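The values are calculated or read from the model by the stated rules, or taken from the named source; none is laboratory data. This one's a predicted model, so the numbers in the text were calculated from it and none came from an experiment. All Cβ positions, glycine included, derive from the backbone under ideal geometry; neighbour counts span all protein chains shown.
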Amino acid sequence: MSTFQIVLCIIIVIVIILLLCTFVYNKIKTQILKINSAESEIDGSLREKYDIIVKLISEIKQIDKNIKFNNYEKIKDEDLSSFEFERKLADLENQIYTSKNDNDKLVKNATINNLWYEVVNINTKIKAQEKYYNESTTIYNGLVTKFPSKLVALIMRLKEKRYFDGKDMYDDNIKDFKI
């Protein structure tokens, strides 16, 4: 084999490796874009849910001033991740549900029922968005942990992403598995 043929073979191998790396890089970037898009949609829906919950609390307080809700005004000003924001909204939602079902005036109020229906609808939308986010995260995590795409991920300094439920299976905190 001549020197020219050896150099040509090396160049062909390098080009194939570079094409493979480019393909894997694009696949990883596609998943990152999907995750970021889903996260943005979830964030928007959570803010919409917060606004509906604030209206709902306002309506409830007009009917029964004795019902108290824990620091709901401050939630939007706190520096929370989407995971934490969603958990705080779920806590408020549970308080509203309990208050609503314990008071006949609230159960029969059309405005409250309509707002509650909006909360239920937005929850369905959020669950679908979370599912899409988690499916994209599963694919992404597979790419950054399996060979050969792991090599590209290491070069890009990418790490596994958490699922939307906020659970981290690699830490010692078992409280994050509580509902």
- Under the condition of being touching a residue at least 60 places away in the same chain (Cβ under 8 Å) and crowded, with 17+ Cβ neighbours inside 10 Å, which residue from segment 53-65 is nearest to Asn113 (Cα to Cα)? Leu56
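Is it true that Lys68 is modelled with pLDDT under 90 and surrounded by fewer than 17 Cβ atoms within 10 Å (Cβ to Cβ)?
yes
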- Identify, by number, the condition in (1) surrounded by 14 or more Cβ atoms within 10 Å (Cβ to Cβ); (2) closer than 23 Å to Leu89 by Cβ; (3) modelled with pLDDT under 95; (4) not aromatic (Phe, Trp, Tyr) that Lys127 doesn't meet. (1)
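Which residues, counting only those in segment 96-133, are in contact with a Ser or Thr (Cβ under 7 Å, 6 or more places away or on another chain) and within 17 Å of Lys55 (Cα to Cα)? Step through it out loud before you land on a result.
First, the residues of segment 96-133 that are in contact with a Ser or Thr (Cβ under 7 Å, 6 or more places away or on another chain): 106, 122, 125-126, 129.
Residues satisfying the conditions are Leu106, Ile122.
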- Message: Could you go through segment 89-102 and let me know if any residue there is surrounded by fewer than 16 Cβ atoms within 10 Å (Cβ to Cβ) and among the basic types (Lys, Arg).
- Response: no
- Which ones in segment 157-179 are modelled with pLDDT of 75 or more and loosely packed, with under 14 Cβ neighbours inside 10 Å? Arg157, Lys159
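Would you mind stating whether Leu19 is surrounded by 11 or more Cβ atoms within 10 Å (Cβ to Cβ), hydrophobic (A, V, I, L, M, F, W, C), at pLDDT 90 or above and assigned to a helix (DSSP H, G or I)? If you could, list the steps in order and put the result at the bottom.
Numbers: surrounded by 11 or more Cβ atoms within 10 Å (Cβ to Cβ): no; hydrophobic (A, V, I, L, M, F, W, C): yes; at pLDDT 90 or above: yes; assigned to a helix (DSSP H, G or I): yes.
Taking the combined requirement at face value, the residue does not satisfy it.
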- Message: Quick check on my filter: what residues within segment 79-110 are within 18 Å of the chain's Cα centre (by Cα) and not in a helix (DSSP H, G or I)?
- Response: Asp79, Leu80, Ser81
- Which condition breaks for Ser81 when tested against (1) touching a helix residue (DSSP H, G or I) at 6+ places or on another chain (Cβ under 8 Å); (2) at pLDDT below 90; (3) among the hydroxyl-bearing types (Ser, Thr, Tyr)? (1)
- Go through the residues of segment 27-36 one by one and say whether even a single one is under 14 Å from Tyr133 (Cα atoms), in contact with a Lys or Arg (Cβ under 8 Å, 6 or more places away or on another chain) and either basic (Lys, Arg) or part of a helix (DSSP H, G or I) (or both). yes
